[in-house]
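Have a look at the structure below, then the notes.
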Amino acid sequence: MTARSVTLDDVAQLAGVSYQTVSRVLNHSMQVSPRTRAKVEAAMQQLNYVPNRVAQQLAGKATRTLGLATSDLALMAPAQIASAIHERAAARGYHLVIAMANAAGSAQDTVNELLAQRVDALLINLPLDAEQAAQVQQQCGSKPALFLDVEQHADVAQCQYQSESGAQQAVEHLIALGHRQIGVLNGPISSASARARFHAWRQALAAHQLEPVCVLNGDWSAASGYQALLQLLPDRLPKALLVANDQMALGAMRVLHQHGVKIPAEMSIIGYDDTAESAWYQPPLTTVRQDLQQLGAVSVDWLLAELEGEGVQPERLETELVLRETTAAPMLKGIDVAEIAEQLQVLARKLKQQ
């Protein structure tokens with residue numbers, strides 16, 4: 001025999017309050033005192049009460065549910081962004097529904113999955129050009145939507161890091177080390193963020209009268225980074241490599257290790273994103289940091305402000321170059337400058353101890 005579901009009336013009776021008061025607590029009304037709210041929440045917990053979101057949807061009420069349309073969560077950056085969004089939404093009293101795009105489907109298909117669940121607002125972390133974004137915006141109707149991976153000139157609300165600053169930080173670091181033979185390992189050309197990063201890299205290199213000595217493309221995965229670098233082995237490698245995400249950098253580093261190429265002595269590598277794992281690569285990866293936790297929090301806060309009619313501008317997000325151990329001055333005529341510097345540091349420490 002199926003157990004009867006716990007109702008709002010059951011919660012109200014146990015808490016000693018009215019049905020309307022329980023409803024206000026569920027809807028996060030400010031009209032409920034902290035003491036009464038605590039009593040109701042304790043009763044819910046004791047009865048294992050679960051709000052019926054389907055009933056709320058059918059009644060046309062706000063569900064306190066956000067939708068996230070995202071690219072492949074097997075990739076580190078989208079997964080960490082989704083985690084950050086979920087964490088912030090929960091802290092603000094909202095439920096998060098996630099729809100992941102697949103290779104066969106379109107952005108509209110993914111967004112439709114969320115709209116079918118009657119979410120209150122949407123976050124779109126799919127690589128879209130301006131025209132595609134406009135179509136998705138129209139599809140969302142009156143529901144607030146925020147785009148996290150879209151061409152910058154698109155006429156939609158967007159929250160993303162600017163490629164120009166990150167690219168310039170990476171290029172200027174390599175130039176300062178003395179590099180001139182700099183290659184690029186970019187994401188798929190279908191991606192707005194990949195196109196933006198490539199354009200920004202080329203501009204930053206052109207400021208020093210340089211062009212990329214090679215241009216490779218992957219699909220953001222570590223395997224694609226591995227395969228891309230494999231094409232250049234054994235004797236067509238650049239002295240430094242700009243990589244469009246940390247995951248492809250991991251694959252590139254793996255194939256270089258397998259073929260005995262020293263990092264950073266024989267090749268410097270700079271990643272992009274600063275995903276949580278990049279500090280644990282061997283050697284730890286120098287990378288352009290996009291604070292993915294901050295991106296998730298700012299995105300949710302903006303969307304909720306829109307729902308509340310506040311209409312604020314999304315916060316401007318700034319990249320940061322994180323220096324670790326995959327960049328060094330290029331080798332000069334077989335002389336490993338990085339190794340010499342390390343030996344001098346060891347010698348200096350020994351002399352200091354004497």
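So, with +1 on the Cβ of K and R and -1 on the Cβ of D and E, and no other charges, what is the size of the charge dipole of the chain about its Cα centre, to the nearest 20 debye?
The calculated dipole for the chain is roughly 780 debye.
Just by accessible area at a 1.4 angstrom probe, what is the order of K239, K350 from largest to smallest?
So, going from the largest accessible area down, we get K350, K239.
Heavy atoms of the protein only, probe of 1.4 Å, neighbouring chains included. What is the accessible area of H259 in Å², nearest 10?
Counting only protein heavy atoms, the figure is 100 Å².
With a 1.4 Å probe and all protein chains in place, put V32, V6 in order of accessible area, largest first.
The ordering from most to least exposed comes out as V6, V32.
Defining a contact as two alpha carbons under 8 Å apart and six or more residues distant in sequence, what relative contact order in percent does the range 73-207 show?
18
What percent does the relative contact order of the range 252-309 come to when contacts are Cα pairs within less than 8 Å and at least six residues apart?
In percent, rounded to a whole number, it is 24.
When the accessible area of the range 233-354 is computed with all protein chains present and a 1.4 Å probe, what percentage of it is carbon and sulfur?
With neighbouring chains kept in place, the figure for the range 233-354 is 51 percent.
Over the Cα atoms, compute the radius of gyration (one decimal) and Dmax (the largest Cα-Cα distance, rounded to a whole number) for the range 204-305, in Å.
Using the Cα atoms of the range 204-305, the pair Rg, Dmax is 15.6, 55 Å.
Would you mind checking the radius of gyration and Dmax of the range 148-239 based on alpha-carbon positions, in Å?
Values for the range 148-239 (Cα only, Rg and Dmax): 14.2, 46 Å.
Out of the DSSP beta bridges found with both residues in the chain, what percent are antiparallel (nearest 5)?
DSSP beta bridges in the chain are roughly 10 percent antiparallel.
Please sort 221-228, 295-302, 151-158 by packing, taking for each peptide the average over its residues of neighbouring beta carbons within 10 angstrom, highest first.
Numbers: 221-228: 20.2, 295-302: 22.2, 151-158: 15.0.
So the peptides 221-228, 295-302, 151-158, ranked by packing, come out 295-302, 221-228, 151-158.
Using r as the Cβ-Cβ distance of Q231 and Q162, and R0 as 30 Å, what FRET efficiency do you calculate, to the nearest 0.05?
0.45
Given 0.36 nm per residue, what is the gain on full extension from S18 to A42 after removing their alpha carbon distance, in nm?
Going from the current span to full extension adds 7.1 nm.
Separation between the E266 and Q203 pseudo-spin-labels, each 7 Å from Cα along Cα→Cβ, expressed in nm?
3.6
Over the chain, what relative contact order in percent results from Cα pairs under 8 Å that are six or more residues apart? Display every interim value, and only then the final one.
Details: 604 pairs, mean separation 49.9, N = 354.
It comes to 14 percent, rounded to a whole number.
Grab the beta carbon distance between Q117 and R35, set R0 = 35 Å, and tell me the FRET efficiency rounded to 0.05.
So, using R0 = 35 Å, E works out to roughly 0.50.
Please report the net charge: other residues with Cβ closer than 15 Å to the Cβ of G296, K and R +1, D and E -1.
Computed value for this residue: -4.
Can you pull the one-decimal nm distance between simple spin-label points at L344 and E320, each 7 Å off the Cα toward Cβ?
2.9
Taking the Cα centre of the range 186-309 as origin, sum charge times position over the Cβ atoms of Lys and Arg (+1) and Asp and Glu (-1), and report the length of that vector in debye to the nearest 20.
620
The values are calculated or read from the model by the stated rules, or taken from the named source; none is laboratory data. Not measured: the values here are computed from a predicted model. Here the Cβ is made from the backbone with ideal geometry for all residues, glycine too, and neighbour counts use every protein chain on show. For the accessible areas, the whole protein counts, side chains as well, though only heavy atoms, and no ligand, DNA or RNA atoms are used. Shrake-Rupley method; radii C 1.70, N 1.55, O 1.52, S 1.80 Å.
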